[in-house]
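I have placed the structure first, in the form of structure tokens, so that the comments after it can refer back to it.
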Amino acid sequence: MRLFKPSQTLAESRLFLCAILAFVSVSCAAVEPAPDVISEAPVENTMAADETWSEHAREVLMSALSLTGVKYKFGGNSPETGFDCSGFVRYVFNQAASLTLPHSALAISQLGKSIPKSELAPGDLVFFKTVKNAISHVGIYMGNNRFIHSPSAGGNVRVESMQEGYWAKRYSGAQRLEKSDENTAQSE
């Protein structure tokens with residue numbers, strides 16, 4: 001059985017492999033990074049914003065998956081010390097998309113464009129109400145009703161199903177950060 005199509009780029013192949021590893025709870029950090037690839041076609045300056053952001057979304061997912069297993073720490077914002085949910089999302093988006101997000105799930109939920117659950121795409125942010133009736137948790141949507149997040153004390157960064165009872169009951173919405181949100185996010 002062939003997992004990769006010949007037309008896939010190395011980055012797309014690595015993303016696919018990382019997603020598979022995440023589903024079986026293995027860190028993607030062990031996957032060799034793709035070597036630099038020189039495109040034979042000239043780069044067009046008129047590349048559509050969607051294509052540019054799509055590349056950022058792939059980078060976001062690869063960055064997030066590479067952090068699988070990092071311990072939870074309240075207020076944490078680095079792989080060395082651990083992450084809370086918003087610290088994890090902030091770190092990933094800063095590393096992968098050069099976006100500086102606020103350090104609170106509620107504040108992050110105010111950025112970008114609201115997305116109906118039926119239109120979720122990998123790289124979208126998903127929000128949950130885990131404390132009373134306020135948005136208090138954020139993760140990154142992976143596709144196939146799964147998201148990656150830093151859950152709570154005693155936990156580690158991991159991929160979970162949004163259909164699991166706890167998360168399904170607490171789902172509060174989703175936001176899509178567009179490339180044009182870069183200035184908005186950085187000014188926070």
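The values are calculated or read from the model by the stated rules, or taken from the named source; none is laboratory data. Keep in mind that this is a model prediction, so the values were computed, not measured. All Cβ positions, glycine included, derive from the backbone under ideal geometry; neighbour counts span all protein chains shown.
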Item to complete: Hey, could you check the range 69-88 for residues that are under 16 Å from the mean Cα position of the chain (by Cα) and assigned to a loop (DSSP other than H, G, I, E, B) and say which is nearest to Lys132 (Cα to Cα)?
Response: Asp84
Worksheet item: What residue, among those in the range 94-103 that are over 18 Å from Ala174 (Cα atoms) and assigned to a loop (DSSP other than H, G, I, E, B), is modelled with the highest pLDDT?
Response: Thr100
Worksheet item: Does Tyr91 satisfy the criteria of being part of a helix (DSSP H, G or I) and free of Cβ contacts under 8 Å to residues at least 12 places away in the same chain?
Response: no
Item to complete: Taking the residues in the range 170-184 that are at pLDDT below 95 and assigned to a helix (DSSP H, G or I) as candidates, determine which candidate is nearest to Ser104 (Cα to Cα).
Response: Thr184
Discussion item. Quick check on the range 127-169: of everything there that is part of a loop (DSSP other than H, G, I, E, B) and polar (S, T, N, Q), which residue is nearest to the chain's Cα centre (by Cα)?
Written reply: Ser150
Fill in: Residue identified as on the phi > 0 side of the Ramachandran plot, buried (at least 22 other Cβ atoms within 10 Å of the Cβ) and not basic (Lys, Arg) among Gly123, Gly112
Gly123
Item to complete: Would you point out which residue out of Leu65, Leu106, Leu61 is aliphatic (A, V, I, L, M), at pLDDT 95 or above, assigned to a helix (DSSP H, G or I) and within 20 Å of Ala153 (Cβ to Cβ)?
Response: Leu106
